[in-house]
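**Student:** Could you have a look at this structure, given as structure tokens, before my questions?
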Amino acid sequence: MLKITYLSRINFFSGKAHVYTITKTCSALSRVEGLSVVLVSTDDSLMGEEKKDEFIVSLNSFSNKFKTSPNFFVYNLGTFFANISLLKYVWKNRKNMDIVYFRDHLILPVVLFAKYILGKKIVYESHYILTKKFGQWLTEKSVAVSDGVVCIAAALKNYYQKFNKNIIVSFCASSEKEKFQTDLPASHFRKKVGFPENLFYLVYTGNIDVTGNGDSYGVEDVVRALPFMSADICFAAVGKKTEGKHSLEFLAESLGLSGRFKCVPWVSREKAVDYILAADLLIIPKSGAKPGNSPTKMFEYLAAGRPIVAADTPAIGEVLRDGINASLVDYENPKAWAEAVIYLKENPEYGKKIAARAEKDADLYTWKNRGKTIGNFIKKIYA
């Protein structure tokens, strides 16, 4: 049995997408024949509850005293103590690990110890090209020292091949079709989330602010496109995390869009499904438009049975194809968004056609397939 230890600093109850994808990836890897997985985090939220998910280890790290602080110095102090805790764990459990897996460049010191002192094989999962120079330098070092690299987009693989030739691409998400299997009509979900039947709704679910790189997700691009659409077309962005009016709401007011734009507070993944199934069209903005910005919602939207209108970016274009399983647009052009939406509204049969193909393509993206792809890659590295 090949033993994989996934090292992290994730906060289990933060509700963030990367926590969900990490736990689902580890669960998928644990189901691959010949592999066993342990997900280790310096977050103490699950201390004493390992039996809930047998592959999770929650550490009692001193870094937990700093994890909620927005202060830069305090954050880095927490990172220091997290590295100490992970270092202790790796040393103590060195005989029970064959592969160390990570995606957090800030725990590189622990990884270097595992590789060069303990002689362990290292696998790094790459999600980005960072704007901050020091963070990107650490990321490039993480790629260079690893025995293998998993990239979540082909564009990332192309960039990082100058540091490491042993790279595969595995999209970090799943369509999870089971979430959207229902016999209930769309009207049921529209009533549930408060969408009037006589209006045509565009829906986006997820972060409405900025990416980890500080780039806009691009929801404002769609708001700016609404004035070019008929008055019965509305837009709901589900993911507001702040109190009071959001900047998107002020933008909508300035454009005279009263009643046509809803900025809905952040909801759980389960509740987000109701909004997705209540939609006439699903919207995917630019999501930062960087090579690693492959939005996780894109894979869920494939399975939802609703037409998708998405920004034409390199990462999105690796999964969605214009006129085949989605409508891709020049995200910087408000009229391009409007034209795509209006065409789908006026041509429902075309919408059904691309939605049906999207549902078919959703079968390609499952956690099981991701587990097999990465699992086989790890086996070859160890061999």
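The values are calculated or read from the model by the stated rules, or taken from the named source; none is laboratory data. Owing to the predicted nature of the structure, the values given are computational and were not obtained by experimental measurement. Don't worry about glycine lacking a Cβ; one is built from the backbone with ideal geometry, like all the others, and counts go over all protein chains shown.
**Student:** Which condition breaks for Ile208 when tested against (1) under 20 Å from Leu320 (Cβ atoms); (2) under 17 Å from the mean Cα position of the chain (by Cα); (3) not in a strand (DSSP E or B)?
**Tutor:** (1)
**Student:** Is it the case that region 181-200 has a residue that's in a loop (DSSP other than H, G, I, E, B), of a type in the set (S, T, N, Q) and in contact (Cβ under 8 Å) with a residue 40 or more places away in the chain?
**Tutor:** The answer is yes; a qualifying residue exists.
**Student:** Moving on to the next point. Considering only region 160-206, state which residues are surrounded by 14 or more Cβ atoms within 10 Å (Cβ to Cβ) and among the small types (Gly, Ala, Ser).
**Tutor:** Ser170, Ala173, Ser174, Ser175, Ala186, Gly206
**Student:** Sticking with this structure for a sec: Can you tell me which residue among Ser85, Ser14, Ser27 is part of a loop (DSSP other than H, G, I, E, B) and either in the same structural domain as Lys132 (by TED's automatic domain parsing) or among the hydroxyl-bearing types (Ser, Thr, Tyr) (or both)?
**Tutor:** None of the others qualify; the one that does is Ser14.
**Student:** Condition first: farther than 22 Å from Arg190 by Cβ, assigned to a helix (DSSP H, G or I) and small (Gly, Ala, Ser). Now tell me which residues in region 226-274 satisfy that.
**Tutor:** Residues satisfying the conditions are Ser247, Ser254.
**Student:** Moving on to the next point. Kindly indicate whether Leu320 is closer than 30 Å to Lys165 by Cβ and out of contact with any Lys or Arg (no Cβ under 8 Å at 6 or more places or on another chain).
**Tutor:** The answer is yes for Leu320.
**Student:** Name the single residue that is surrounded by the most Cβ atoms within 10 Å (Cβ to Cβ) among those in region 335-381 being closer than 16 Å to Asp280 by Cβ and in contact with a helix residue (DSSP H, G or I) (Cβ under 6 Å, 6 or more places away or on another chain).
**Tutor:** Checked region 335-381; the qualifying residue surrounded by the most Cβ atoms within 10 Å (Cβ to Cβ) is Trp337.
**Student:** Would you point out the residue of region 311-324, among those that are free of Cβ contacts under 8 Å to residues at least 60 places away in the same chain and within 13 Å of Ile283 (Cα to Cα), that is surrounded by the fewest Cβ atoms within 10 Å (Cβ to Cβ)?
**Tutor:** My answer is Asp312.
**Student:** Oh, and also: What tally of residues in region 1-24 results from selecting those that are crowded, with 19+ Cβ neighbours inside 10 Å, among the polar types (S, T, N, Q) and at pLDDT below 95?
**Tutor:** Residues flagged as crowded, with 19+ Cβ neighbours inside 10 Å, among the polar types (S, T, N, Q) and at pLDDT below 95 within region 1-24 amount to 2.
**Student:** Which condition does Gly135 not pass, out of (1) of a type in the set (Gly, Ala, Ser); (2) over 30 Å from Phe62 (Cβ atoms); (3) not assigned by TED's automatic domain parsing to the domain that holds Ile316, if it passes all the others?
**Tutor:** Result: Gly135 fails condition (2) only.
**Student:** Right, something else. Quick one: in region 281-323, of everything that is acidic (Asp, Glu) and assigned to a loop (DSSP other than H, G, I, E, B), which residue is nearest to Phe200 (Cα to Cα)?
**Tutor:** Asp312
**Student:** While we're here: Please enumerate the residues belonging to region 116-173 that are in contact with a Phe, Trp or Tyr (Cβ under 6 Å, 6 or more places away or on another chain) and in a helix (DSSP H, G or I).
**Tutor:** Answer for region 116-173, where residues must be in contact with a Phe, Trp or Tyr (Cβ under 6 Å, 6 or more places away or on another chain) and in a helix (DSSP H, G or I): Glu140, Ser142, Val143, Ala144.
**Student:** Here's another thing I want to ask about it. Is one or more of the residues making up region 237-253 within 18 Å of Gly305 (Cα to Cα) and assigned by TED's automatic domain parsing to the domain that holds Leu328?
**Tutor:** Within region 237-253 (the criterion being within 18 Å of Gly305 (Cα to Cα) and assigned by TED's automatic domain parsing to the domain that holds Leu328), the answer is no, since none of the residues qualifies.
**Student:** While we're on this one: Quick check on Lys379: is it touching a residue at least 24 places away in the same chain (Cβ under 8 Å) and not in a strand (DSSP E or B)?
**Tutor:** yes
**Student:** Give me a count of the residues in region 20-51 that are without any contact (Cβ under 8 Å) to a residue 60 or more places away in the chain, of a type in the set (A, V, I, L, M, F, W, C) and out of contact with any Ser or Thr (no Cβ under 9 Å at 6 or more places or on another chain).
**Tutor:** Total meeting the criteria: 1.
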